[in-house]
Amino acid sequence: MWAARALTRALRRRRAAAALPGAAGGLRDILQDSNRKRQLKSGSTLPVSLTEMKSNIFTGKRPFSTSHSSVDSKEIKKFQLLAHKWWDEEGEYAALHSMNDIRVPFIRDTLLSMSSNYHLGNPLSGIKILDVGCGGGLLSEPLGRLGASVTGIDPVEDNIRTADRHKSFDPVLAKRIQYKSSSLEEIVEESMETFDVIVASEVVEHVADLEMFIKCCSQVLKPEGSLFITTINKTQLSYVLGIVVAEKIMGIVPEGTHEWEKFVPPEELERLLESNGFSVRSVKGMLYNPLSGSWSWVQSTSLNYALHAVKAAAPAQSHATDTLPETDAQQRSATAGTVPDSTV
């Protein structure tokens, strides 16, 4: 079985390596064809220079949806078709499987650095985590193995069925993880300030209303709770490598998985988080090597990046003397500066 997988990997890497040297002409054709399609669809073209790109990113506001949900129905249909493939480590979600090698330690080590109270063997024991857009449970399961109590939510019912079925093979995970077919907005009322941690990995580039999504994260997270996000920057490089090469040439992810217009620059994400009561603690660049099938941390955030933010602490409680009942305060005011009759 492992030999077959290794052979499959080797064949894929050879095809990928063979595709790259002769891809220049094809890359231009694909870019031109993609731009023509965008023109027909929206009457606009992809910025052709980095200067124009920066102007579009940093001077224009993101067009937020006026809907009452951050869920995009088009995205639901995309992932519905792949719901049964989540746990195929050589399939469409291979890059997400290998991303666990860096995103799980990033979450674990960040949380441990914020607290000295942890259990050997189960370092995240006692921590309640909400995995938003959990898919088939690729991130929920390793977090559960670290001892966390995980709730995974996803609007695609087939994803939840896949996740439930997979966790059932491990009795420990079956106790620590629960899944719900739900959007983030749908659990806000029942889960106000419930979770210590929220993870939204490869999610924000698929939502219909990013501002609403961030607000809902703030509502269900406890004061001083942590929010972890991984996503894709909105740059010319991310369009070429993230969509043209990854989807159209190499097939690392299915074509049509991403829309460049919905990619989020870290500066924009930081602004939204800070305006909703978060303090951004770290932003780290991530890079995927399609030939080795591995991820690594890099200085540049021009492609993928990970972000950690912390929700503001709850307002300090007033002292008892500052909150005297109105009648008591009035009595004190009336007698202030007077002397009892018995002492005259």
Quick check on region 94-178: what are the equivalent-ellipsoid semi-axes from the Cα gyration tensor, as sqrt(5λ), descending, whole Å?
22, 14, 11
Determine the order of 260, 297 by accessible area, beginning with the largest, at a probe radius of 1.4 Å.
297, 260
What is region 124-229 by shape, rounded, prolate or oblate, if you read a ≥ b ≥ c off the alpha carbon gyration tensor as root eigenvalues and call it rounded for a/c under 1.5, prolate for a/b larger than b/c, and oblate otherwise?
oblate
Ranking 190, 205 from most to least accessible area with a 1.4 Å probe gives 190, 205
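Determine the gain in length on full extension of the stretch residue 161-residue 180; use 0.36 nm per residue of separation and subtract their C-alpha separation, reporting nm with one decimal.
Details: separation 19, 0.36 × 19 = 6.84 nm, distance 0.93 nm.
Contour length minus Cα-Cα distance gives 5.9 nm.
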Given points 7 Å out from each Cα along the Cα-Cβ axis, report the residue 188 to residue 119 separation in nanometres with one decimal.
3.4 nm
Loop only by DSSP, 12 or fewer other Cβ within 10 Å of the Cβ. Give me the trypsin sites (Lys or Arg not before Pro) in region 201-284 that pass, ordered by residue number.
none
Quick calc: nm separation of the 7 Å Cα→Cβ label points for residue 294 and residue 92 -> 2.8 nm
Charge tally for neighbours of residue 121 with beta carbon under 15 Å away, counting Lys, Arg as +1 and Asp, Glu as -1, is +3
Applied in sequence order to region 198-212, the curve 6.51 cos²θ - 1.76 cosθ + 1.60 (Karplus, θ = phi - 60°) yields integer Hz couplings, x standing for Gly and Pro, of 10, 10, 10, 9, 6, 10, 5, 7, 10, 7, 7, 9, 5, 5, 5
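The values are calculated or read from the model by the stated rules, or taken from the named source; none is laboratory data. Keep in mind it's a predicted model, so treat the numbers as computed, not measured. Counting neighbours? That spans all protein chains shown, and the Cβs are built from the backbone with ideal geometry, glycine included. Accessible surface is based on the protein model in full, side chains and every heavy atom, while ligands, DNA and RNA are left aside. Shrake-Rupley method; radii C 1.70, N 1.55, O 1.52, S 1.80 Å.
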